[in-house]
Amino acid sequence: MPRMSSKIALHAGPAVGFDQPFEMLAACHERVRRSLDLLQRLQAHVARHGVDGQARSAAADVLRYFDLAGPAHHEDEERHVLPRLRRAGLADLAERLQTQHDEMGRLWALLRQPLQAWAAGEPADLPDELLHSYIDLYAVHMPLEEGQAFPAAAANLEEPALESMGKEMAERRQGGQR
């Protein structure tokens, strides 16, 4: 891979808005997938070409996404999805998703170190096992949310509750790009 020419617009908003909060959550998963793909391509690029300008830029993009948008997305789920799952009698599913969020946070803290070095133009080792653990966890997590958690949490939810959820999600993002 001599060039990373297919630059990903990490902060381009999904086609849906906060007036459709569950659709917004699902659309965010597509941005996660693109960011994970960029992270994988970045690791391969650095292995072949070192920490050049493209690598620095891509590392900064990945850091920005998983430092800002990722935590905001998990907070949305922890405030609005997991409590609804618990109330619906799906506490095991809620706890599984929370455990996965916690593990993603732990892994991200480890991944940030080499990415920060790369963004600064410095060499660093990003272990394959660490990268694949992070990617594999998301590969299990997102389909679980999309296929089970979001539909269960959205079931029988009235329009005023959806509006309130979307409004709260949007308000938390005001004042900073997430």
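Could you please tell me which pairs satisfy a Cβ distance under 8 Å, a separation of 6+ or placement on different chains, a first residue in segment 32-45 that is under 17 Å from Pro71 (Cβ atoms), and a second residue that is modelled with pLDDT under 95 and not in a helix (DSSP H, G or I)?
Here the result reads Ser35/Ile8; Ser35/Leu10, each pair linking segment 32-45 to a residue that is modelled with pLDDT under 95 and not in a helix (DSSP H, G or I).
Just to be sure I understand the filter: pairs with C-beta atoms under 8 Å, separated by 6 or more residues or on different chains, first member in segment 97-109 and modelled with pLDDT under 95, second member assigned to a helix (DSSP H, G or I) and of a type in the set (Ser, Thr, Tyr). Which pairs pass?
Between residues of segment 97-109 that are modelled with pLDDT under 95 and residues that are assigned to a helix (DSSP H, G or I) and of a type in the set (Ser, Thr, Tyr), there is no close pair.
Taking the conditions exactly as written (free of Cβ contacts under 8 Å to residues at least 40 places away in the same chain and touching a helix residue (DSSP H, G or I) at 6+ places or on another chain (Cβ under 7 Å)), does Leu162 satisfy them or not?
Against the criterion (free of Cβ contacts under 8 Å to residues at least 40 places away in the same chain and touching a helix residue (DSSP H, G or I) at 6+ places or on another chain (Cβ under 7 Å)), Leu162 does not qualify.
Testing Val140 on (1) within 24 Å of Gly50 (Cβ to Cβ); (2) exposed (fewer than 13 other Cβ atoms within 10 Å of the Cβ); (3) not acidic (Asp, Glu), one condition comes back false. Which one is that?
Just one mismatch for Val140, condition (1).
Name the single residue, out of those in segment 148-169 being assigned to a helix (DSSP H, G or I) and of a type in the set (D, E, K, R), that is farthest from His74 (Cα to Cα).
Looking at residues that are assigned to a helix (DSSP H, G or I) and of a type in the set (D, E, K, R), I get Glu159.
What's the total number of residues in segment 79-92 that are of a type outside the set (A, V, I, L, M, F, W, C) and either within 23 Å of Leu39 (Cβ to Cβ) or crowded, with 20+ Cβ neighbours inside 10 Å (or both)?
Residues flagged as of a type outside the set (A, V, I, L, M, F, W, C) and either within 23 Å of Leu39 (Cβ to Cβ) or crowded, with 20+ Cβ neighbours inside 10 Å (or both) within segment 79-92 amount to 2.
So, in segment 42-62, exactly how many residues are within 17 Å of the chain's Cα centre (by Cα) and surrounded by fewer than 19 Cβ atoms within 10 Å (Cβ to Cβ)?
1
Only one of these conditions is not met by Gly175: (1) surrounded by 15 or more Cβ atoms within 10 Å (Cβ to Cβ); (2) at pLDDT below 95. Which number is it?
Condition not satisfied by Gly175: (1).
Any residue at all in segment 93-102 that is over 14 Å from the mean Cα position of the chain (by Cα) and either aromatic (Phe, Trp, Tyr) or loosely packed, with under 15 Cβ neighbours inside 10 Å (or both)?
There is at least one residue in segment 93-102 that is over 14 Å from the mean Cα position of the chain (by Cα) and either aromatic (Phe, Trp, Tyr) or loosely packed, with under 15 Cβ neighbours inside 10 Å (or both).
Could you tell me whether segment 109-127 includes any residue that is hydrophobic (A, V, I, L, M, F, W, C), surrounded by 13 or more Cβ atoms within 10 Å (Cβ to Cβ) and over 15 Å from Ala58 (Cβ atoms)?
Yes: segment 109-127 contains one or more residues that are hydrophobic (A, V, I, L, M, F, W, C), surrounded by 13 or more Cβ atoms within 10 Å (Cβ to Cβ) and over 15 Å from Ala58 (Cβ atoms).
For segment 27-44, indicate whether the set of residues that are within 28 Å of Met165 (Cβ to Cβ), among the small types (Gly, Ala, Ser) and at pLDDT below 95 is non-empty.
Checking segment 27-44: at least one residue is within 28 Å of Met165 (Cβ to Cβ), among the small types (Gly, Ala, Ser) and at pLDDT below 95.
Just one of the numbered conditions (1) of a type outside the set (S, T, N, Q); (2) out of contact with any Leu (no Cβ under 7 Å at 6 or more places or on another chain); (3) assigned to a helix (DSSP H, G or I) is not true of Asp19; which one?
(3)
Checking Glu145 against (1) more than 27 Å from Leu39 (Cα to Cα); (2) modelled with pLDDT of 95 or more; (3) within 20 Å of the chain's Cα centre (by Cα), which single condition isn't satisfied?
Condition not satisfied by Glu145: (1).
The values are calculated or read from the model by the stated rules, or taken from the named source; none is laboratory data. This structure is a prediction, so every number in the text was calculated from the model and none was measured. Glycine also receives a Cβ, built like all others from the backbone with ideal geometry; neighbour counts cover every protein chain displayed.
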